[in-house]
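Notes for the one structure printed next.
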Amino acid sequence: MTPGLHPSISKAFIAIFALSMASASFDVAHAEDAKPGFFKKIFGGGSKTETPPPAPEPEKKPAPKPAAAKTKPKAEPEKTASKSETGKAPRVIITTTGGKKVEVGKKTTPAKTTAKTETPKQQPKAKEEPVKDVTKTASRSDGNSPMKGEFKEDDDDKASSTPAPKSVEVLPANGGWEIIKIGGRDYVTAESIRNFYNPVYGFTTFRTQGTHFWLGSSKLILKAQIGSQEMLINNIKFILSFPVQEHNGKVLFSRLDLCKLIDPVLYPSHIQNAEYFDTVVVDAGHGGHDSGARGVYGYEKDFALKMAMSVRTALMQRGFKVVLTRATDTFITLGGRVAIANQTPKSIFLSFHFNSSDNAATGIETWALTPQSAAATISRGGGYNINGVTGNKQDSANIALATAVHASVISRFKFVDRGIKRAQWSVLTGCKRPGILFEGGFVTNGAECQLIASETYRQQVSNAIGDAVLNYRKALESAMAKR
């Protein structure tokens, strides 16, 4: 359910929205000097703004691929390949603990990556819903009477994981929202989105050129492309559940993406069911006989544990209590990890992993649970979530947490941004707390694995994550107060 736009927004909340572009080249040892990005403004800090572009950006020529790994990694049979994506990454130089400098992040086209050993919960294929004649009236988040302009997702709105047929029905405006059904699925016009969030963001740009769409102001730039599931908000990549559509010259976003992604990201202070937390359950993936991916300089299980310990230190320095699912090289079942999270009161859940593929793949990606009535980003990420799972009760908080962490790391280090994605990993489906799974780079890429093996790198990434968690809690303070 999407909360409405409250007429009284505090000055402190408005002040957290601004755009900043990070410098293209810097030493990670001085990463704190980098200019924070827009999402650090949403979730605390930063100041620089930028004017949205008047026209589509020209295509850039690809840069050389990063150096190949020294040893060819052994394929991990339990991992799942994902779709290729194109990312951007300016120079980043890391000084390792041994004094050696390593350069990574040259622009590259990431090769196919693999998903986690967390076995996703498979869902049956959905059936297309018949076209409905009406939409439900939105209600206030506090349970009172409806307020003009508010919008929520129908509880029984079932979408399809396959492309929708082009049967179109335009419904009467519902509280200011223009809804268009395409193949039985609800879409909302970009004009409606602009009008609803305009009091907060003050949009000055609203344009379509070819298949490209821009919505922007000095505080926010949203870019999308008709027919694509990729969306950029101030150059942070999100993977939508459904492609952007066009009808009679109007750009359309699925109603599910509005409710489960756009609204929680742009308006985190009104997330429903947000509960105060003072504890973070930190999960180091794999362990014991489950070594995870075999990297150039070691195994995923060992790097995950080192990262978890570093994140633990960063969080404790910021006043959080921390519970580790494992503190040694031991095997913990997936159900056991979820149980620890669910038994820890006033907590959120962060699971740490590292990616594997061929030696050219590189970049950072963050996973949140697939919403009900949508499909996972990758084919083996759990399929179509038709009936919903326990973790879907935290959908809005999940995507806000994923955004805070992912954007904090990407804006600070400028690695290839592989996006914020969706899947039904087992550690997320049964989690009753807000939770995400963070992929901190590719152990099968020689240069990136050398970074992962560096204590300096892990400390700096951990500080970025610690800041993100602190700022995420601050951004949701008013929502938590309602509970």
One residue is enough: does the range 268-281 have a residue meeting the conditions of a type outside the set (K, R), in contact with a strand residue (DSSP E or B) (Cβ under 6 Å, 6 or more places away or on another chain) and crowded, with 24+ Cβ neighbours inside 10 Å? yes
Some residue of the range 372-382 being basic (K, R), at pLDDT 95 or above and more than 24 Å from Y297 (Cα to Cα): no
When only residues in the range 428-470 that are crowded, with 21+ Cβ neighbours inside 10 Å and of a type in the set (K, R) count, which is farthest from the chain's Cα centre (by Cα)? R458
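Can you tell which of S356, S379 is in contact (Cβ under 8 Å) with a residue 24 or more places away in the chain and closer than 18 Å to E230 by Cβ?
Values: S356 fails: closer than 18 Å to E230 by Cβ.
The match here is S379.
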Being modelled with pLDDT of 95 or more and closer than 24 Å to A368 by Cβ is the requirement here; does A327 meet it? no
Among (1) part of a loop (DSSP other than H, G, I, E, B); (2) under 23 Å from A464 (Cα atoms) - the single one G381 does not satisfy: (2)
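Listed here are the residues, each with its yes/no results for (1) of a type in the set (G, A, S); (2) closer than 27 Å to D302 by Cβ; (3) within 18 Å of the chain's Cα centre (by Cα).
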| residue | (1), (2), (3) |
| --- | --- |
| P345 | no, no, no |
| F354 | no, yes, yes |
| A360 | yes, yes, no |
| A368 | yes, yes, yes |
| G388 | yes, no, no |
| A402 | yes, yes, yes |
| V405 | no, yes, yes |
| V416 | no, yes, yes |
| S426 | yes, yes, yes |
Would you call I348 of a type in the set (V, I, T), surrounded by 23 or more Cβ atoms within 10 Å (Cβ to Cβ) and either in contact with a strand residue (DSSP E or B) (Cβ under 6 Å, 6 or more places away or on another chain) or farther than 30 Å from I179 by Cα (or both)? yes
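I need a count of the residues in the range 209-249 that are part of a strand (DSSP E or B) and buried (at least 19 other Cβ atoms within 10 Å of the Cβ). First the steps, then the outcome.
Keep residues of the range 209-249 that are part of a strand (DSSP E or B), which gives 209, 212-216, 221-226, 230-233, 236-239, 244-247.
When the remaining residues are screened for being buried (at least 19 other Cβ atoms within 10 Å of the Cβ), the result is 213-216, 221-224, 231, 233, 236-239, 244-245.
Residues flagged as part of a strand (DSSP E or B) and buried (at least 19 other Cβ atoms within 10 Å of the Cβ) within the range 209-249 amount to 16.
In the range 261-290, how many residues are among the polar types (S, T, N, Q), in contact with a helix residue (DSSP H, G or I) (Cβ under 8 Å, 6 or more places away or on another chain) and under 14 Å from P345 (Cα atoms)?
Number satisfying all stated conditions: 0.
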Can you list residue pairs whose Cβ atoms sit under 8 Å apart, with the first residue in the range 171-190 being at pLDDT below 90 and the second being in a strand (DSSP E or B)? Count only pairs 6 or more apart in sequence or on different chains. L171/I179; L171/I180; L171/K181; A173/I179
Top-ranked residue in the range 329-351 [being touching a residue at least 12 places away in the same chain (Cβ under 8 Å) and β-branched (V, I, T); ranked as nearest to R473 (Cα to Cα)]: I348
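Answer yes or no as to whether R473 is buried (at least 24 other Cβ atoms within 10 Å of the Cβ) and either under 30 Å from K393 (Cβ atoms) or without any contact (Cβ under 8 Å) to a residue 40 or more places away in the chain (or both).
Values: buried (at least 24 other Cβ atoms within 10 Å of the Cβ): no; either under 30 Å from K393 (Cβ atoms) or without any contact (Cβ under 8 Å) to a residue 40 or more places away in the chain (or both): yes.
Criteria not met by R473.
The values are calculated or read from the model by the stated rules, or taken from the named source; none is laboratory data. Computed from a prediction, not measured in an experiment: that's the story for all the values here. For neighbour counting, all protein chains shown are included, and Cβ atoms are generated from backbone atoms with ideal geometry for every residue, glycine included.
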